[in-house]
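Everything on this sheet refers to the single structure shown next.
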Amino acid sequence: MMKKLVFTTALLGATGVACAAEFKVPQFETTRLPNGLTVMLMERHEVPLIAVRAVVKAGAVNDGPQAGLANLTGDAILLGSEKHSKSAIDEAFDFRGAQLAGGSATEQTTVQANFAKNDAAALLPLFAEIVQQPSFEATELDKLKTRKVSGLKQAKESPRQVAGTYYRSMLYGDAPYASPPGGTVNSLSALKRGDVQGFHQRYFRPDNAAVIVVGDFDPAAMRKQIETLFGQWKADGPPPQRADYGKPLADKPRVWLVNKPDAIETTFVIGGPGIARNDADYVPLQVLNTVLGGRFTSWLNDELRVNSGLTYGANSAFAPLAQSGLFSMSSFTASAKTEAALDLALKTYNRLWGTGNGGGIDKATLDSAKAYVKGQFPPRFETSEQLASLLGDMYALGVDRAQIDNFMRDVDGLTPVKAKQLVDKHFPRNNLQMVLVGKADDIRKVAAKYGEVTELDISADGFKPAGK
Amino acid sequence: MKWKFAAAIAGYVLASSAHAAFTADQVKTFTLANGMKFIVLESSTIPNANMYTFWKVGSRNEAPGTTGLSHFFEHMMFNGSKHYGPKMFDRTMEAAGGSNNAYTSSDVTVYQDWFPATSLETIFKLESDRIAHLTIDPKMVESERGVVLSERSTGLENSNVRMLMEDLNSVAFSAHPYSWPVIGFESDIKAWTQQDLVNYFRTYYAPNNAVSVIVGDVKADQVKTLATKYFGAIPKRAVPPAVKTVEPEQKGERRLFVAKPSATSANLMVAYKVPRADSPDYYALNVLQSVLTEGKTSRLYKALVEKQLATSVGADATDGFDPGLLYVFAVAASGVDGAKVEKALLDEIDNVVKNGISEQELQAVKNKKLVNLYRAQETINGKAQQLGNYETFFGDWRKLFAAPAEYEKLTAADIQAVAARYLKKSQRTVGMLAAKEE
């Protein structure tokens with residue numbers, strides 16, 4: 001039992017840097033092999049571990065009508081290579097205490113491993129094989145698919161796990177950004193081995209990928225080994241191009257009421273359009289969001305938890321994607337207190353635009369938030385895994401390293417006047433969108449107060465209303 | 001939207017003498033005249049530091065009527081002291097660039113502060129003021145009740161494992177306080193009195209009942225100076241009363257069922273009685289737990305997940321001052337009967353009891369322990385948690401450095417022996433959660 005919900009404000013995703021005075025991305029080298037593969041190497045010698053990841057520029061936005069395809073492919077990579085069976089791979093990694101994981105997010109698919117320095121010679125070749133020549137063995141693929149379908153059903157037992165997926169689906173409508181990264185029970189069930197092979201062939205190619213190594217190694221030797229293992233990888237035809245993945249829709253206030261008949265509380269998400277990952281105002285907005293809902297003493301947590309005891313935690317966040325993004329406030333409360341909590345969240349949110357006592361962000365509050373984000377920044381850059389993730393985001397999402405290198409400067413440069421301008425520019429004020437997951441019979445009337453209501457059944461397939 | 005509950009790190013055990021990120025001679029300790037102990041490790045990889053304070057008080061120190069009090073008290077420790085009124089602990093810490101959290105288990109309450117190393121003195125001021133001069137404001141107590149009730153209900157709403165474990169504990173223990181949930185029963189949460197809280201503070205929050213671990217970009221001398229200045233004058237108090245209840249021997253298998261209408265598949269949890277953390281069998285049991293569930297080549301992963309009976313398997317054993325439980329759990333795959341998962345799981349456990357494990361499996365676990373050690377020691381938080389856990393549950397932080405040898409000397413026969421000793425039908429409680437009872 002914890003004192004508080006731990007907020008993942010994800011200042012810069014999973015990122016890292018050292019040293020308060022400097023706050024620069026630690027030194028690393030980037031090279032491009034003749035076949036187009038980007039290779040990034042960063043040395044760290046704190047512990048004898050190595051973090052490796054292959055990052056491919058493809059994700060749920062590339063699923064098209066086959067929601068969950070990128071995700072299934074990312075996981076299916078681990079099912080063995082042309083030379084080694086799944087059990088041989090599992091045995092090789094597991095015996096050495098190594099971790100091996102695949103995965104896919106909205107705009108990137110990753111294969112990652114983490115192992116002792118001395119095991120690099122044994123494990124890197126296997127890692128290279130599964131990335132370049134996965135077998136997608138039929139029986140194993142079926143098993144994985146079945147397990148993932150069960151997992152999708154189980155996720156809906158926990159409103160916290162799915163509220164955000166409904167919210168994104170609501171805001172992005174039919175655009176690629178609306179596609180649920182894990183897919184839906186029906187979409188995933190329909191995927192075939194050929195679909196997975198096709199996805200791999202289209203996107204897993206050296207000119208659309210990076211191999212990142214962070215940790216305790218000799219750079220010259222590692223560079224050579226990566227060249228040997230990935231240098232023969234070939235790309236066919238022109239590389240995939242990025243399309244328009246969509247903008248959030250918020251033309252009128254809307255409420256999606258997701259019915260979970262045995263719910264004892266209402267889980268809610270409120271918000272609207274946010275910013276893209278590389279927005280010039282990204283860093284100062286993290287500071288402003290800290291004031292609103294990014295830390296324990298934030299306005300939202302103070303009002304909804306500390307002053308009123310309505311909830312165990314309330315927060316807010318910008319969720320940026322490469323091309324656009326969302327802003328949201330979220331919390332939960334006992335079903336009977338739904339209206340009180342929603343009204344208080346909205347009232348608190350409006351303080352951003354208030355004037356006089358209690359309105360707007362004053363200098364003392366801003367100074368505190370600035371100190372907070374700076375103080376909490378270095379631990380996000382502590383492990384090789386975190387740094388590998390940062391380099392991956394820089395590659396796949398085009399995150400500019402200047403955003404990290406200038407973090408301190410951009411935080412320090414924020415004034416109350418500039419804060420007000422940024423609030424007006426970026427926090428959605430009208431036409432707020434709302435997702436409520438709870439017992440519909442108890443909160444239907446409340447929901448109607450906030451906009452045009454669409455009812456959904458949590459046990460129905462997917463994350464949008466039937467027929468949409 | 002992302003949510004995360006920080007998990008209490010269960011038992012990051014093991015260490016390697018030669019290759020660990022730090023060695024015993026880098027650890028400095030001192031004890032104030034009032035009995036409060038400090039463990040300090042200088043580590044300058046990031047310009048930050050942490051302070052983890054372990055108090056030997058948890059739900060095992062409660063009684064019917066006051067269940068959940070330790071955890072509730074953990075919340076009240078943030079609600080005002082002499083020099084820092086309500087809200088000021090968090091406001092002061094965050095303005096100094098710091099953040100904090102705390103957790104309560106059945107055995108301990110641990111307060112965690114994370115901050116830029118330059119804010120060390122502020123942290124000492126805040127932490128010492130609430131130990132020396134906590135004010136327990138009745139108004140704060142009332143609003144905090146709502147928070148804890150929400151914490152309780154959101155845990156039950158979002159986690160089948162939590163719901164199942166809570167009920168399972170009440171069946172596995174008939175007398176010992178491990179029987180009730182750490183967060184407490186709803187009626188008790190609503191019923192604590194002002195006096196209950198005052199008594200609790202006086203009894204358990206004595207400096208001689210705590211150990212504080214500080215790891216980061218600090219100097220041990222500086223920590224000692226500040227500790228003496230801010231904590232030195234807090235009076236020592238009587239040792240808290242011992243927990244006297246000894247759980248009677250379990251005489252046979254126990255079972256329970258929990259209904260949750262929205263469950264899409266069965267959740268199974270089997271818990272076995274195991275000894276306290278500092279038992280000589282600790283390391284062998286820890287290896288056994290890994291053999292069963294850690295990684296894709298573990299016994300239960302192969303028998304349940306690879307065979308499509310379950311979507312996930314896991315195990316957990318909380319370090320405790322008294323004999324507790326080793327939990328093994330699995331979530332059934334869609335459409336698979338819970339009873340079938342249970343049979344497969346118990347068959348596999350019986351198999352280990354009867355036939356033991358291979359040398360290959362043993363070596364794999366030893367390798368895992370070593371790499372996991374590196375992973376834990378890659379962060380200042382991992383180091384603080386390890387040092388604090390060893391000092392609290394094993395009586396001496398130095399035992400962290402003896403752990404590698406403890407693992408290394410284990411044989412496959414040792415693992416089979418503890419399996420036979422503890423994974424017995426008569427010593428288990430089997431819990432199932434599903435949409436409806438068959």
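The values are calculated or read from the model by the stated rules, or taken from the named source; none is laboratory data. Please read these numbers as outputs of a predicted model, since none were measured by experiment. Neighbour counts are summed over all protein chains in view; Cβ atoms, including those assigned to glycine, are modelled from backbone coordinates with ideal geometry.
Points worth noting:
- Filter result for B:F54 (under 24 Å from B:A277 (Cα atoms) and more than 12 Å from chain A (Cβ to nearest Cβ)): yes
- Residue satisfying condition, being within 19 Å of B:Y422 (Cα to Cα) and touching a residue at least 24 places away in the same chain (Cβ under 8 Å), within set B:L309, B:L304, B:L300: B:L300
- Restricting the first member to segment B:231-256 and to residues that are closer than 18 Å to B:W55 by Cα, and the second to residues that are outside any loop (DSSP other than H, G, I, E, B) and among the basic types (K, R), the beta-carbon pairs closer than 7 Å and six or more apart or on different chains are B:V243/B:R60.
- The condition (being in contact (Cβ under 8 Å) with a residue 24 or more places away in the chain and either on the phi < 0 side of the Ramachandran plot or buried (at least 24 other Cβ atoms within 10 Å of the Cβ) (or both)) is satisfied by just one residue among A:A345, A:A364: A:A345.
- Leading residue by the ranking (farthest from the other protein chains (Cβ to nearest Cβ)) among those in segment B:301-325 that are of a type in the set (A, V, I, L, M) and buried (at least 24 other Cβ atoms within 10 Å of the Cβ): B:L325
- Qualifying residue in segment B:124-132 (condition: within 10 Å of another protein chain (Cβ to nearest Cβ), assigned to a helix (DSSP H, G or I) and in contact with a helix residue (DSSP H, G or I) (Cβ under 6 Å, 6 or more places away or on another chain)): no
- Helices (runs of 4 or more DSSP H) wholly inside segment B:158-262 that include at least 3 residues being closer than 17 Å to B:M77 by Cβ and polar (S, T, N, Q): B:194-204
- Test: residue in segment A:187-195 that is within 14 Å of chain B (Cβ to nearest Cβ), within 24 Å of A:E157 (Cα to Cα) and in a loop (DSSP other than H, G, I, E, B): no
- Residue in segment B:296-310 that is assigned to a helix (DSSP H, G or I) and either within 18 Å of the chain's Cα centre (by Cα) or β-branched (V, I, T) (or both) present: yes
- From B:T66, B:T45, residue being at the interface with another protein chain (Cβ under 9 Å from one of its Cβ atoms) and either part of a loop (DSSP other than H, G, I, E, B) or modelled with pLDDT under 95 (or both): B:T45
- Test: B:V246 is hydrophobic (A, V, I, L, M, F, W, C), within 30 Å of B:L410 (Cβ to Cβ) and more than 14 Å from every other protein chain (Cβ to nearest Cβ): yes
- Helices (runs of 4 or more DSSP H) lying entirely in segment A:49-159 (those with 1 or more residues that are in contact with a helix residue (DSSP H, G or I) (Cβ under 8 Å, 6 or more places away or on another chain) and more than 12 Å from chain B (Cβ to nearest Cβ)): A:69-76, A:120-132, A:138-155
- Selected residue (criterion: nearest to B:K244 (Cα to Cα)) from residues of segment B:167-190 that are within 14 Å of chain A (Cβ to nearest Cβ) and crowded, with 19+ Cβ neighbours inside 10 Å: B:W180
- Note on segment A:381-427: among residues that are under 21 Å from the mean Cα position of the chain (by Cα) and outside any helix (DSSP H, G or I), the one that is surrounded by the most Cβ atoms within 10 Å (Cβ to Cβ) is A:T383.
- Selected residue (only one of B:L410, B:L387 is more than 14 Å from chain A (Cβ to nearest Cβ) and either in contact with a Cys (Cβ under 8 Å, 6 or more places away or on another chain) or assigned to a loop (DSSP other than H, G, I, E, B) (or both)): B:L410
- Put simply, of B:E74, B:E94 the only residue that is more than 23 Å from B:W192 (Cβ to Cβ), among the charged types (D, E, K, R) and not in a loop (DSSP other than H, G, I, E, B) is B:E94.
- Residues considered: A:R168, A:R205. Of these, the only one that is over 30 Å from B:G155 (Cα atoms), of a type in the set (K, R) and crowded, with 17+ Cβ neighbours inside 10 Å is A:R205.
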